[in-house]
Amino acid sequence: MASENPSASEYVLHHLTNFSVGEGIWTLHVDTLFFSWLTGIFFVTVLWLGARTATAGIPGKMQNFVEMLVDWVDNSVKETFHGPRDFIGPLALTIFVWVLLWNFLDLIPVDWVPMFAYLVFGFEYTRIVPSADINAPFALSISVLLLIIVYSIKGKGFGGYGKELLTHPFGSHPLLWIPNLLLNVVELLAKPVSLAMRLFGNLYAAELIFVLIALLPAWILFVPGSAWAVFHILVVPLQAFLFMTLTIVYLSLAYEKH
Amino acid sequence: MQVSLGTLIAQGISFFVFIWVTMKLVWPPLVKAMAERRAKIADGLAAAERGKSELEEASTQADSLVRAARDQAAEILEQANRRAANIEAEAKSDGERERERQLTAARAEIEQEISRARDELRGQVAEIAITSAEKILGREIDAGKHRDILDKLAAQI
C-alpha cells in the first residue's frame, strides 16, 4: 500500500495502477502479463487434459466438457465463417476462454491479491484483471486487425483486396479512390478500437465499481458487493462471447468476396 | 489507463502463442474425435436400420415356414386319421367275419352235440321204456315183437 491510511482517491488510484517495469512507452505491465499467462496456461492445460486422450468412443467427463466447448465454438464459427476452420476455430476458442478467465479474475475481491502480493512479495502495485488494462484488449484486437488484413488478402487476393479498398463503397471512378480508401481505413481501424474498447470499458468500469464498493464500511460492504458481483457474472461471459463472435464476423467479412 | 507498447506487443505475442498451442494440442484431436464419433454413430444407426429390415425379412420368412409346417402337419394328421379309420374298419370286418365263422362252427358243434345226445337219449329211452314195461307187466317183452311201438315212442321224444 502506498500509505498505511490512504484517502479514498489514493486507494482507488492505487488499485488502478499496474505493476510496471521499465520507462516510457516500453514499460511492461508485469501483473497484466503474469495473470494473462497464468490464465492462459491454465486454460491450455485444462483443454489439453481433455484433448490428450480424446477418443471417438465414450468420452470421459473431462473430454466431454472440453468437447462441449469446442463443439459450441466450432458451430459458432461454422455459422458465420465459410472457409477452413483450422485456424479460426482455435482462434475463437482461445479468445473466448482466455477473455472469460480474464474477466472472471474481476470477481476476486479487489484487495485479496494486491494485499497478498504486497505482504508476501512486497509488490507495491498489482492489478489482476488483464481485460481492465487497456493494453491487453488492444493486444487482442490489434492481432485481430492483422488477421483481418491477412484474411482479406487470402480471400480476395492481393489485387482484389486493393481494388476493394479503392473502389468501394462509392464507385470505381479514379476521383473516388481517395475517399474510398479513407473510408475503408477508418472502417478497418474502427473494428479493433470498438472491439477493445467494449471489453476494456466494461471491465474497467466493473473493476472501478468494485473498488468503490470496497471503500464502504465493512458491515455493509457485502450487500452492494455481492449484488454487483451477481450482475457482473452476466457481463463476464457476455463480453468474452462478444469478443469472439465479433472477431469471427470481422474475419468472415474479410474473407468473403462481395 | 496507461498505454504501454511493451505490454501490448508482449500480450499480442502471448495471444498468438496460446492460439498456436490450442491449434496444435487442443483443437485437432477433439475435432477429429467428434467427427469420428459422428461417423460411428451414423454407421451404428445405419446398421440398426439394416438389422431391423433384416429382422423383418427373417420374421416374414419364419411366418411362412411356420404356416407351411402347420399345413404339412395338418395333412399328415389327416392322412393318419384316414389310415386309422381304414385299419379300424378292416379290423372290424375281420372280427365280424371271425365271429361269424366261430359262431357257425360253434353252432354246428352244438347241433352235432344235440343230435348225438338225442340219439343216445333215444336209445336210453327205449331201454328205459322196455325195462319199465317189463316191470309193469312182470314179464319180458320181446323187443323184436314190439319194435314198431318202441320206434314210434322213440320218435316222439
Quiz item: If you check A:Val236 against the conditions, is it within 14 Å of A:Phe96 (Cα to Cα), crowded, with 16+ Cβ neighbours inside 10 Å and not charged (D, E, K, R)?
Solution: yes
Practice problem: Check whether at least one residue in the stretch B:46-53 is of a type in the set (Ser, Thr, Tyr), within 14 Å of another protein chain (Cβ to nearest Cβ) and either assigned to a helix (DSSP H, G or I) or over 30 Å from A:Ala196 (Cα atoms) (or both), and report yes or no. | Solution: no
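Quick one: in the stretch A:1-32, of everything that is free of Cβ contacts under 8 Å to residues at least 60 places away in the same chain and within 8 Å of chain B (Cβ to nearest Cβ), which residue is nearest to B:Gln11 (Cα to Cα)?
This residue is A:Leu28.
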Quiz item: So which residues in the stretch A:74-87 are within 10 Å of another protein chain (Cβ to nearest Cβ) and either in contact with a Leu (Cβ under 6 Å, 6 or more places away or on another chain) or hydrophobic (A, V, I, L, M, F, W, C) (or both), if there are any at all?
Solution: A:Phe87
Quiz prompt | Output for the stretch A:16-51, where each listed residue is surrounded by fewer than 21 Cβ atoms within 10 Å (Cβ to Cβ), out of contact with any strand residue (DSSP E or B) (no Cβ under 9 Å at 6 or more places or on another chain) and under 17 Å from A:Tyr118 (Cβ atoms) | solution = A:Leu16, A:Thr17, A:Phe34
Self-check item: Any hit, the stretch A:182-193, residues being of a type in the set (A, V, I, L, M) and more than 28 Å from A:Ala139 (Cα to Cα)
Solution: no
Quiz item: For B:Lys92, are the conditions met, namely being farther than 30 Å from A:Gly24 by Cβ, surrounded by 12 or more Cβ atoms within 10 Å (Cβ to Cβ) and more than 7 Å from chain A (Cβ to nearest Cβ)?
Solution: no
Quiz item: Given the conditions (1) crowded, with 19+ Cβ neighbours inside 10 Å; (2) over 23 Å from the mean Cα position of the chain (by Cα); (3) among the aliphatic types (A, V, I, L, M), which single one is not true for A:Ile153?
Solution: (1)
Quiz item: Given the residues A:Ala117, A:Ala136, A:Ala92, A:Ala54, which is the only one that is of a type in the set (Gly, Ala, Ser), in a loop (DSSP other than H, G, I, E, B) and buried (at least 16 other Cβ atoms within 10 Å of the Cβ)?
Solution: A:Ala54
Quiz item: Could you say whether any residue in the stretch A:61-73 is in contact (Cβ under 8 Å) with a residue 60 or more places away in the chain, surrounded by 15 or more Cβ atoms within 10 Å (Cβ to Cβ) and within 11 Å of chain B (Cβ to nearest Cβ)?
Solution: yes
Quiz item: From the list B:Ala69, B:Ala46, B:Ala10, which residue is without any contact (Cβ under 8 Å) to a residue 12 or more places away in the chain, of a type in the set (A, V, I, L, M) and touching a strand residue (DSSP E or B) at 6+ places or on another chain (Cβ under 7 Å)?
Solution: B:Ala10
Quiz item: Cβ-Cβ below 9 Å, separation at least six or inter-chain, first residue in the stretch A:132-160 and within 9 Å of another protein chain (Cβ to nearest Cβ), second surrounded by fewer than 19 Cβ atoms within 10 Å (Cβ to Cβ) and among the aromatic types (Phe, Trp, Tyr): which pairs?
Solution: A:Ser143/B:Phe16
Quiz item: Which of the residues belonging to the stretch A:212-223 are in contact with a helix residue (DSSP H, G or I) (Cβ under 6 Å, 6 or more places away or on another chain) and within 25 Å of A:Leu101 (Cβ to Cβ)?
Solution: A:Ile213
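FYI, it's all coordinate maths here, none of it is from the lab. If you're wondering where the values come from, they're calculated on a predicted model, not measured in any experiment. Counting neighbours? That spans all protein chains shown, and the Cβs are built from the backbone with ideal geometry, glycine included.
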